[in-house]
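What follows is one structure encoded as structure tokens, with my remarks underneath.
The values are calculated or read from the model by the stated rules, or taken from the named source; none is laboratory data. A quick note: this is a predicted structure, and the numbers were derived from the prediction, not measured. Quick reminder, even Gly has a Cβ in these numbers, built from the backbone with ideal geometry, and neighbours come from all protein chains shown.
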Amino acid sequence: MSINYDNKRKDITFCTMLFRMPTQNLAAIKGGNRNFEEFYLASLKRLCETFNHVSLWCDAETANYLNKAGFKNKIHMKIMKLQDLPHWSERESCRKIMYKMKKYVGYFLHHRSPELWVDYLPLMWAKPAIIDWAAKNNKFKSDYFMWIDAGAFSPRYANSNLWNNWNGHIVARPKRVRMTIAITLGKSRPHFVPRFVYDLCKWLFVKPIEPANSHNLAKQNLRDIAMTNADYDVPGGCFMVPKNKAHDFYQAFERVRKIMKKHDLCCVDQGIFQAMMKFDVDDLFELKYIKGYKSLYALVAGKDYDTFA
């Protein structure tokens, strides 16, 4: 599949990160062949070729690879060690919390060991921090900052339905943080489908989709809403943030993450985004409904797509 980008939109910075992980745990979590060189470096190179304006947090190995590929001084890089990520020092406390969380039905780790996740969490939690950093520096004088996973251009994803309906254009100019949302029907708790799902479906099927607020997203308790397999899911692979919301988004993420940790809960970025919506963070979000993860990029990039396509 050919993935093209309409470079007439010069007001967007694409944000991502890439580090070589100390173990192969990420492959165990995500499944499939996620070789650093063949999967991630190749994907990141294609991502930089596609989008002119890229802001990146990465290690020296990744930076050297991109420099040799001709991207020196073309993209905005912050070179750092994995251990320098903002939340790396919280790994041990998070490990203990994850072991406590095992007692819950719908355990967000999908019953895998916390040891597989402990190095992964700091990466996922860095997404809002990178966007805040890119917006403050604003090397490309952008009005919008779009997160996109470094692996999005790998052969596995380039040929998947994630890119369905992508036509190379980004026409969205959101006033809030634009994210997608998908109903999971409480698949982690098969014994019941709570009233929350009915309320959420009713809300989603009334157009236009309203901003997330405490009235329509606070039907679950904090523990359940933080699970990856809660009754709704917020894909974290792509989202778009206006410049004037970048710092608010980062601060809200950190505030909610700390609240969850205070309640002995920790999870990947998706669960924190879900909890942020529960807390009604000043109408921070503009949501688009997708069926599963199909058309993820098209829904983030588009303005007038049918949200139920």
Tally time: how many residues in the stretch 285-304 are hydrophobic (A, V, I, L, M, F, W, C), outside any strand (DSSP E or B) and either surrounded by fewer than 21 Cβ atoms within 10 Å (Cβ to Cβ) or modelled with pLDDT under 85 (or both)?
1
For the stretch 31-83, how many residues are part of a helix (DSSP H, G or I), among the hydrophobic types (A, V, I, L, M, F, W, C), within 23 Å of I131 (Cβ to Cβ) and out of contact with any Pro (no Cβ under 8 Å at 6 or more places or on another chain)?
8
So which residues in the stretch 138-156 are more than 18 Å from C58 (Cβ to Cβ) and at pLDDT 85 or above?
N138, K141, S142, D143, Y144
For S2, which of the numbered conditions (1) part of a loop (DSSP other than H, G, I, E, B); (2) small (G, A, S); (3) modelled with pLDDT of 95 or more fails to hold?
(3)
Give the residues of the stretch 234-279 that are part of a loop (DSSP other than H, G, I, E, B), among the aliphatic types (A, V, I, L, M) and farther than 24 Å from I12 by Cα, sorted by residue number.
L265, V268
Of the residues that make up the stretch 125-135, is at least one in a loop (DSSP other than H, G, I, E, B) and touching a helix residue (DSSP H, G or I) at 6+ places or on another chain (Cβ under 6 Å)?
no
Of the conditions (1) of a type in the set (S, T, Y); (2) modelled with pLDDT of 75 or more; (3) over 28 Å from S93 (Cα atoms), Y198 satisfies every one except a single condition; which number is it?
(2)
Within the stretch 148-166, work out how many residues are in a loop (DSSP other than H, G, I, E, B), in contact with a Phe, Trp or Tyr (Cβ under 7 Å, 6 or more places away or on another chain) and under 21 Å from S55 (Cα atoms).
1
Test M98 against the criterion of being modelled with pLDDT of 90 or more and surrounded by 16 or more Cβ atoms within 10 Å (Cβ to Cβ), and give yes or no.
no
Write out, first by first residue and then by second, each pair whose Cβ atoms fall under 6 Å of each other, whose residues are 6+ apart or on separate chains, and whose first residue, in the stretch 154-171, is without any contact (Cβ under 8 Å) to a residue 12 or more places away in the chain while the second is outside any loop (DSSP other than H, G, I, E, B) and not basic (K, R).
none
